[in-house]
Amino acid sequence: IWSSLFACILGISIGWITTRTNVPFRRQIEYLAVSPIFLSPFMGAIAWHLLANERVGILNVMFQNIFPFLPSFNINSMLGISFVIGIYHSSYIYLFISGALKSMDPSLEEAAMISGAGHVKTTLKVTLPLMLPAILSGILLVFVLATEQFVIPAVLGWGAGFHVLTTRIYA
C-alpha cells in the first residue's frame, strides 16, 4: 500500500507537470519518468542501499553532517523498501496519467474556468473525476506489481530481518 502511494504521488506529479505545464526540458523529464521500466530493480536496490544505508550511506552521511540533530533515514525498513518500489513503479502511474491527461479535452477545464471556478475547484470537480479511472487502474497495477516484487525487499530487507511475502516464500 505504501509503495502504491509513493508511486501514485510521484507518477501523478510528473504526469501533471509534463502534460499541463510548459516546463523546460519536458521531453527529457518524460524520458526520465519512464526509464525505471528499463532498469534492473536489483541494481537499483543496491544503488539505494549504498546511497541511503543508515550507517554508511552517502546521502545519510551528508545529511548527518548538515543536520546532526535529526535522525537518519533507514532504507532497510518497510518505509524504505516501499519508497524504492514506489520509485520503480511510478513509471506505470505516469504512463496512465499522462495518457489520460493528453486525451482529455481541455475545453472542459476552460469552460469551468470561464464559469468562475478557480484552479483548485476545476481540478477537483472536472479534472480529477475524468482522471479517476486512470488513477485507480494505475494504483491497482502498482499494488499487484509491488506484491510480487522479490529483488528489492530481498536486497534491502533481508539483512535487517524484514521479510515480505515473496522473501518468506523463498526462505
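Rule-based calculations on the coordinates, nothing more; no lab input. Given the structure is predicted, the values throughout are model-derived calculations rather than measurements. Here the Cβ positions follow ideal geometry from the backbone for every residue, glycine too, while neighbour counts run over all protein chains shown.
Points worth noting:
- Between Ile85, Ile93, Ile114, the Gaussian network model of the chain with springs among Cα atoms under 10 angstrom shows the greatest mean-square fluctuation at Ile114.
- GNM top mover of Val84, Val155, Val56 - the chain, alpha-carbon springs below 10 Å: Val56
- Gain on full extension, evaluated as 0.36 nm per residue between Thr123 and Leu136 minus their Cα-Cα distance, stands at 3.0 nm.
- With both labels modelled 7 Å from their Cα along Cα-to-Cβ, the Thr147 to Leu59 distance reads 2.8 nm.
- For the stretch 151-159, 3J(HN,Hα) per residue [Karplus equation, 6.51 cos²θ - 1.76 cosθ + 1.60, θ = phi - 60°, Hz, x = Gly/Pro]: 5, 5, x, 5, 6, 8, x, 4, x
- From phi via Karplus (6.51, -1.76, 1.60), per-residue ³J(HN,Hα) for the stretch 75-91 in Hz, x at Gly/Pro: 6, 8, 9, 4, 5, x, 5, 5, 4, 5, 5, x, 4, 5, 9, 5, 4
- Extension gain (nm, one decimal) between Thr21 and Leu50, 0.36 nm per residue minus Cα-Cα: 7.0 nm
- Evaluating 6.51 cos²θ - 1.76 cosθ + 1.60 at θ = phi - 60° for every residue in the stretch 110-118, the Karplus couplings come out as 5, 5, 5, 5, 5, 6, x, 6, x Hz, glycine and proline recorded as x.
- Relative contact order %, the chain, counting alpha carbon pairs below 8 Å whose residues are six or more apart: 34 percent
- Per residue of the chain, the DSSP helices (runs of n ≥ 4 H) give a summed -39500 (n - 2.57) that works out to -22000 deg cm²/dmol at 222 nm.
- The chain: most fluctuating residue of Gly86, Gly138, Gly99 per GNM, C-alpha cutoff 10 Å: Gly99
- Cα-projected label distance for Met43 with Ile1, points at 7 Å along beta-carbon direction, nm: 3.5 nm
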